[in-house]
1. With runs of 4+ DSSP H residues as the only contributors, calculate the mean residue ellipticity of the chain at 222 nm using -39,500 (n - 2.57) per run, divided by the residue total and rounded to the nearest 500.
2. Given just the C-alpha atoms of segment 63-150, how large is their convex hull per residue in cubic angstrom?
3. Tell me the Rg and the Dmax, in Å, that the Cα atoms of the chain produce.
4. When only alpha-carbon atoms are used, what values of Rg and Dmax, in angstrom, describe segment 31-72?
5. Computing the accessible area with a 1.4 Å probe over protein heavy atoms, can you report the carbon and sulfur percentage for the chain?
6. How do the peptides 207-220, 289-302, 255-268 rank, highest first, by the average count of neighbouring beta carbon atoms within 10 Å per residue?
7. Can you compute the FRET efficiency between ALA201 and LYS24 using 1/(1 + (r/R0)^6), with r the Cβ-Cβ distance and R0 = 30 Å? Round to the nearest 0.05.
8. Express the relative contact order of segment 172-280 as a whole percentage, based on alpha carbon pairs under 8 Å and six or more residues apart in sequence.
Amino acid sequence: MSKGVLCLIGAGHAHLGVIDAIRKGKLEAERVLLVEPRTAMQYSGMVPGWMAGEYTLDQTRIPLAPLVEEAGLEWHREEAIAVSPTDRTIVLESERRLTFDVCSLAIGGAGQAAAVLGCDERLLDIRPIDGFVARWSILRNSANRIRDIAVVGGGAGGAELAFGAANDPAFDAHITLIAGEGGLLPEMSAMVRRRAKAEYARQSIRVIEKEAQFVNGSLAVEGEELPPFDLVVAAVGSGAPEWPARCGLPVNADGFLEVDEHQRVCGIPHIFAAGDVAHRTDSHIPHSGVHAVYAGPILARNLQAALKGRAPRNVYRGRGMDFYLLNTGRGAAILSYGPLGTRARWLRCLKDWLDRRWIARFTNPAA
Ligand SMILES: Cc1cc2nc3c(=O)[nH]c(=O)nc-3n(C[C@H](O)[C@H](O)[C@H](O)COP(=O)(O)OP(=O)(O)OC[C@H]3O[C@@H](n4cnc5c(N)ncnc54)[C@H](O)[C@@H]3O)c2cc1C
């Protein structure tokens with residue numbers, strides 16, 4: 001048994017692999033504390049499918065209580081608001097303090113819709129994702145008043161949410177996807193973009209590849225007002241949570257925690273970070289659920305080394321993980337893998353199988 005108290009802040013995609021290692025006895029500590037206010041982890045990859053009526057909400061979530069019990073964690077169900085690297089304490093919202101020997105942060109990204117587009121009451125940010133899901137559920141009750149929906153953001157999140165919104169059985173709305181001046185799916189290949197555009201045309205989703213902003217209460221692209229929208233869903237990428245920088249932890253120009261190849265916060269060997277909140281200084285690892293999930297088991301091994309007073313040696317390289325399956329909401333999926341881009345119904349079956357299998361790993365001990 002290792003000496004030392006490990007504290008995990010956040011139980012999202014990146015920390016699931018760590019919790020999994022603890023419950024399987026692959027990571028040992030004197031005590032493991034978990035600071036996380038949510039009772040379930042919302043798996044983002046199934047949210048567009050939930051919107052399209054393909055899943056119930058419960059099928060897209062991992063309840064945390066059974067995992068916490070199995071792993072023997074000490075769960076503090078509130079938010080952390082500060083970390084002190086010098087006296088190794090965490091301050092919680094309730095002002096309680098926890099002491100640790102090794103700490104790991106995976107608190108995800110923060111919404112930045114209002115900062116990017118401007119404030120407006122019709123704006124619905126997809127981050128935090130629980131807030132998005134809760135508001136979308138409520139909006140379903142007044143769906144008959146929502147005739148025109150704009151989805152702003154041309155990355156994978158916005159691209160899939162547009163399909164989800166277009167196929168939500170509660171709504172009968174026109175969908176416009178405003179992809180920004182970088183265009184639709186800028187990080188994917190021309191073949192994927194062609195497939196996606198053909199699918200939007202098939203589903204009568206209008207695509208505008210220009211930058212949008214609220215101007216005098218209307219959404220405008222390049223200064224030109226668009227016809228009014230009843231709802232504007234923003235998937236404009238994740239910003240950095242503010243408090244880690246306020247605590248003096250090293251952050252990059254965008255406010256993300258700077259970590260080395262072992263996920264150690266630069267210059268602080270007993271604090272680690274992974275997932276969307278972290279910025280790797282040694283290589284380019286994009287912020288995505290896939291990378292967050294696959295970095296988890298490697299993070300677990302490095303945390304174990306740190307608890308034993310050894311230097312961590314494992315590196316998450318992210319190779320081969322830049323694949324996406326975009327759910328079209330109509331029984332097919334578009335695969336993006338390197339230069340490849342193809343659309344097929346069997347790819348949707350594959351995505352469904354992968355997603356359900358992943359959820360089952362954490363909800364069904366026999367899986
Ligand atoms: C709609 C949508 C669809 C997406 N689809 C995909 C996809 O198909 N494929 C893909 O690869 N990526 C996808 N992503 C991106 C993916 O969701 C993120 O990259 C991923 O969630 C990052 O994981 P994480 O562990 O960093 O953070 P999260 O999974 O967001 O977890 C962060 C956790 O930290 C907790 N937390 C936050 N602040 C605190 C605090 N102060 N104290 C304690 N706990 C805190 C939160 O409650 C949360 O449980 C999608 C994102 C969205 C919004």
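The values are calculated or read from the model by the stated rules, or taken from the named source; none is laboratory data. As the structure is a computational prediction, the values presented were derived from the model and not from experiment. Here Cβ is always computed from backbone atoms with ideal geometry, including for glycine, and neighbour counts include all displayed protein chains. Note: areas computed on protein heavy atoms with side chains; ligands, DNA, RNA excluded. Shrake-Rupley method; radii C 1.70, N 1.55, O 1.52, S 1.80 Å.
1. Roughly -8500 deg cm²/dmol at 222 nm, from the helical runs in the chain.
2. 159 Å³
3. 20.9, 64
4. Gyration radius and largest Cα-Cα distance of segment 31-72: 12.8, 42 Å.
5. On the chain, the fraction of accessible area on carbon and sulfur atoms equals 50 percent.
6. Listed from highest to lowest mean packing, they are 289-302, 255-268, 207-220.
7. Efficiency, rounded to the nearest 0.05: 0.05.
8. Reported as a whole number, the value is 16 percent.
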